[in-house]
Every structure is written in C-alpha cells, then in structure tokens.
1. Is it true that some residue in the stretch 120-138 is part of a strand (DSSP E or B) and either modelled with pLDDT of 90 or more or in contact with a strand residue (DSSP E or B) (Cβ under 8 Å, 6 or more places away or on another chain) (or both)?
2. What pairs can you find where one residue is in the stretch 116-132 and farther than 12 Å from Asp207 by Cα, the other is of a type in the set (A, V, I, L, M) and open to solvent by 40 Å² or more (accessible area, probe 1.4 Å), and their Cβ atoms are less than 9 Å apart, with a gap of 6+ or different chains?
3. Identify the single condition in (1) within 22 Å of Val117 (Cα to Cα); (2) open to solvent by 100 Å² or more (accessible area, probe 1.4 Å) that Arg18 does not satisfy, given that it satisfies every other one.
4. Which residues, counting only those in the stretch 194-218, are part of a helix (DSSP H, G or I) and more than 26 Å from Gly133 (Cβ to Cβ)?
5. Test Gly222 against the criterion of being of a type outside the set (Asp, Glu), assigned to a loop (DSSP other than H, G, I, E, B) and over 14 Å from the mean Cα position of the chain (by Cα), and give yes or no.
6. Here is a list of conditions, (1) at pLDDT 95 or above; (2) in contact with a Lys or Arg (Cβ under 9 Å, 6 or more places away or on another chain), and Tyr203 meets all of them except one; can you say which number that is?
7. Tell me whether the stretch 50-67 contains one or more residues that are surrounded by 18 or more Cβ atoms within 10 Å (Cβ to Cβ), aromatic (Phe, Trp, Tyr) and closer than 21 Å to Asn135 by Cα.
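The values are calculated or read from the model by the stated rules, or taken from the named source; none is laboratory data. Here the structure is a predicted model, which means the values were calculated and not measured. Here the Cβ positions follow ideal geometry from the backbone for every residue, glycine too, while neighbour counts run over all protein chains shown. For accessibility, only protein heavy atoms count, side chains too; no ligands or nucleic acids. Shrake-Rupley method; radii C 1.70, N 1.55, O 1.52, S 1.80 Å.
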Amino acid sequence: MDTLKDNKEWIELKATLRFVEDKILHIIDNQGWMMTKELQEQVEDLLSDRHFIMDKMFRLHVTEQEVLRFREVNDHLQELSRKMFNEHKQLLDSLKDNPILSVTCWEDVVVESWLDVDEGAEILHYDDDDDYGSNFSQMIDAIAWTEDSEIHSCNTILGEKPEPDHLDDGCIGSWAEGCLDVPQFEGIGVCYAVHDLCTHKNYSVPDLLRIQSYSVLNNIKGNRKNIWIHNE
C-alpha cells in the first residue's frame with residue numbers, strides 16, 4: 001500500500017517482523033521440527049511476538065478487500081460450525097436406543113465432534129502479501145506445528161442432552177475481542193471459530209485470511225464396563 005511506504009510506525013513494524021521471522025526460521029532450519037522443549041518454547045514465544053506485530057500492521061493496513069475476505073472466511077467458518085453441530089446431533093440420534101450398544105461391554109459412550117484447521121494445506125496468496133513482508137507459508141506451518149488444530153468442538157455422553165450450539169453465533173452476538181475488535185469489522189458477527197484462531201492461538205488476522213482448508217470430524221468412544229463375577 002503506497003500510503004504506508006513512508007509511515008514510520010509501519011516501517012519499524014515491518015523491520016521487526018522480518019527480524020522475528022528470521023529468528024524463527026533460523027531455529028527451524030537448524031533444528032527441524034524435532035527440537036528440544038526449550039527451543040520449542042522459544043519458537044512459540046517468537047510466534048506470539050509475530051502475532052502481536054502482524055495484528056498491529058493489519059490495523060494500519062486494513063483495506064475494503066481485506067474486510068470482504070474476512071467476512072467470507074467468517075461466514076465459511078460459521079457454516080462449518082453449524083455443520084459440526086448438526087452432524088453431532090444426527091450421530092447422537094442414530095445411536096439413541098441402539099440395541100448393539102446395550103449388549104456390548106462399553107459404557108459412558110461419548111460422541112465427539114470438532115472443527116479442525118487442515119495442517120499442510122496450501123495457503124492463499126494475495127497481491128498485498130508483499131505489503132506485509134511475511135513468509136506466510138512457513139509461518140502458518142510453524143503455527144500449525146505449535147498449536148492444537150482444533151478450533152471448535154462439542155462432546156456429549158450418550159443419553160445426555162447435547163450442549164447448545166450458541167457458540168457458532170454471529171446472530172446472537174459477536175466474538176470480536178482483542179485483535180478482532182477492529183472498527184472496520186463493525187456489523188460482522190464474528191463466530192467462535194474465528195475467535196479461537198485469532199485470540200487463543202497465534203494466527204494473526206492476515207494469516208486467517210490466507211488459510212483455506214478446514215474439516216469437520218466425528219468420533220465415538222467409550223469405556224469398558226467393570227464386570228464383577230461373584231463365585232459362591
């Protein structure tokens with residue numbers, strides 16, 4: 001963006017970003033992903049610094065196109081969250097009064113559903129990538145390596161009432177907190193999955209706009225029954 005070329009704060013932030021990312025890449029290039037816990041913690045701290053820098057840069061840079069992208073990503077993740085809750089309820093209904101479960105040696109059957117960031121998926125590239133000067137591909141890979149891929153979930157013990165699906169709101173309220181509390185996002189009902197990515201994890205808003213692949217997953221698990229045999 002031409003208007004930021006001579007902006008002192010932008011120039012300093014961009015230089016600091018380059019310094020932080022170079023340190024991250026130096027550790028990864030020399031140690032690979034099988035590094036010591038101490039170095040892993042160092043990488044996580046550096047990624048947290050990068051998150052802070054990138055979100056400050058976003059506030060200076062934010063364009064109408066980025067707001068449009070954000071709205072599209074938010075709508076997509078909100079729809080995937082609804083899909084997760086719907087699949088969760090359908091799976092619970094299909095297992096209700098299931099005669100097979102009543103004669104198995106399992107109890108406390110739990111249905112788990114969650115929304116994941118797909119690790120290793122290609123990221124989107126935009127004309128304004130060079131404005132930020134971030135190595136988005138490698139940084140998003142590094143964040144995925146250090147963070148839990150789960151961004152939304154629900155777990156229900158069979159027979160219990162499932163939790164309400166209010167976390168995929170957007171109509172009830174907005175999760176526009178922290179770095180998501182941007183004036184240009186006013187009127188957008190930020191969903192929980194976006195909130196989790198950008199406030200609970202080290203993905204910045206510009207990172208979010210470049211991630212394109214997510215998955216809804218389901219699992220059923222249970223504990224073995226304790227069977228006591230009494231001999232008279």
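1. Initially, the stretch 120-138 is screened for residues part of a strand (DSSP E or B), giving 123.
This time we only want the ones that are either modelled with pLDDT of 90 or more or in contact with a strand residue (DSSP E or B) (Cβ under 8 Å, 6 or more places away or on another chain) (or both), so: 123.
The answer is yes; a qualifying residue exists.
2. Pairs that qualify, where the first residue is farther than 12 Å from Asp207 by Cα and the partner is of a type in the set (A, V, I, L, M) and open to solvent by 40 Å² or more (accessible area, probe 1.4 Å), are Asp116/Leu217; Asp128/Met1; Asp131/Met1.
3. (1)
4. So the first thing to find is which residues in the stretch 194-218 are part of a helix (DSSP H, G or I), and the list is 194-200, 205-208.
The answer is His195, Asp196.
5. Details: of a type outside the set (Asp, Glu): yes; assigned to a loop (DSSP other than H, G, I, E, B): no; over 14 Å from the mean Cα position of the chain (by Cα): yes.
So Gly222 does not fit the description; no.
6. It fails just one condition, (2).
7. yes
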